Amino acid sequence: MKIGEALKLERKQLNLSQSKMAGNILTKSFYSKVERDICSIRANDLLQILSLHNIDYSSFFKKVGNNTNKNHISKIDCDNLLHTAYYQKDLSKITELEKMLNDINNSELNLDNIRAQIIIIKAAISNTLAQISNDEKQYIKKTIFETDNWTENSLRLFAISMSIFDPNEINSVVKNIIKNTHNINSLPEEKQKIISAILVNYLSYFIKKKQRIINTNIDASVKILNSLTIDPKNCFAKIMANYYESILNNKLEKAKTISNFLRENGMDIIADKL
């Protein structure tokens, strides 16, 4: 079953119009073309539509994969499994992905980047980040810097692997990212999200280590996060920017209020890490 067919099936089961199914993510016209297999849908847009209607990722992609070449794995499949594994601490998704990678037929995939993400995610889930070998660290760093341009793949990998870099390396990389982010709101949505995650992780890294290096990176990171448009997709990044800015300015009561807000909204795991 193709993606468009699977979306149409889900929509019919939910008794939704094409306009309701597309939400604010796609225009009705474009969504209609996706269902008819005239246009392809971006991975991030597809995941947003599934999340909007509480459609289970795994069951959806099983439908899509039922009639496809078993030796083929799409970028959407990879991103979905990596995302689920990392944020839900689900090692079974990594195991599933590793099995799929053993015998694939898809030249569009960046296998080095995927395998580097697997190393980091497996270590993060098992709390063994400190035990990543030097060879694995070099492999990850080499993968991140394989090109001169910051692609979404390299940015995403850096975002989740910052713990293997020393402070000077992180400062250097973030300085370069900031230098090339003239207007974060003009970037594609997925790139905005990844850069926001990097800047939030950067602020967390140095505040926890109590190593406010004398440079403009920290202030610039807060400034960029604060400049994000007022939009639901930017809520978390803007809340975290507010939290870390409060810590930096020694407004501890305000920071505590934000932490309590996260707990009150079911985000205890995030609040515990602050």
Margin query: Whether any residue in segment 105-112 is modelled with pLDDT of 75 or more, open to solvent by 30 Å² or more (accessible area, probe 1.4 Å) and assigned to a helix (DSSP H, G or I) is what I want to check.
Written below: yes
Notebook entry, point to check: Restricting the search to segment 227-259, which residues are assigned to a loop (DSSP other than H, G, I, E, B), open to solvent by 50 Å² or more (accessible area, probe 1.4 Å) and within 27 Å of I49 (Cα to Cα)?
Noted result: S227, T229, I230, D231
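Check S161, S204 and return the single one that is open to solvent by less than 40 Å² (accessible area, probe 1.4 Å), within 20 Å of I114 (Cα to Cα) and of a type in the set (G, A, S).
That would be S161, the only listed residue that is open to solvent by less than 40 Å² (accessible area, probe 1.4 Å), within 20 Å of I114 (Cα to Cα) and of a type in the set (G, A, S).
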Next item on the list: Assess whether I178 counts as being under 22 Å from N110 (Cβ atoms) and out of contact with any Cys (no Cβ under 7 Å at 6 or more places or on another chain).
Entry: no
Notebook entry, point to check: Take the residues of segment 38-57 that are open to solvent by 40 Å² or more (accessible area, probe 1.4 Å) and not in a loop (DSSP other than H, G, I, E, B): which is modelled with the lowest pLDDT?
Noted result: Y57
Next item on the list: Kindly provide the set of residues from segment 1-26 that are open to solvent by 90 Å² or more (accessible area, probe 1.4 Å), over 23 Å from E152 (Cβ atoms) and free of Cβ contacts under 8 Å to residues at least 60 places away in the same chain, ordered by number.
Entry: E5, K8, K12, Q13, N15, K20
Next item on the list: Being open to solvent by 40 Å² or more (accessible area, probe 1.4 Å) and charged (D, E, K, R) is the filter; apply it to segment 135-158 and report the residue that is modelled with the lowest pLDDT.
Entry: D148
Next item on the list: Just one of (1) assigned to a helix (DSSP H, G or I); (2) in contact (Cβ under 8 Å) with a residue 40 or more places away in the chain; (3) touching a Leu at 6+ places or on another chain (Cβ under 9 Å) trips up A159, so point out which.
Entry: (3)
Checklist line | Close pairs (8 angstrom Cβ cut-off, 6 or more residues apart or separate chains): in a helix (DSSP H, G or I) in segment 260-274, of a type in the set (K, R) anywhere | finding: A271/R263
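The values are calculated or read from the model by the stated rules, or taken from the named source; none is laboratory data. As the structure is a computational prediction, the values presented were derived from the model and not from experiment. All Cβ positions, even for glycine, are placed from backbone atoms using ideal geometry, and neighbour counts span all protein chains on display. Note: areas computed on protein heavy atoms with side chains; ligands, DNA, RNA excluded. Shrake-Rupley method; radii C 1.70, N 1.55, O 1.52, S 1.80 Å.
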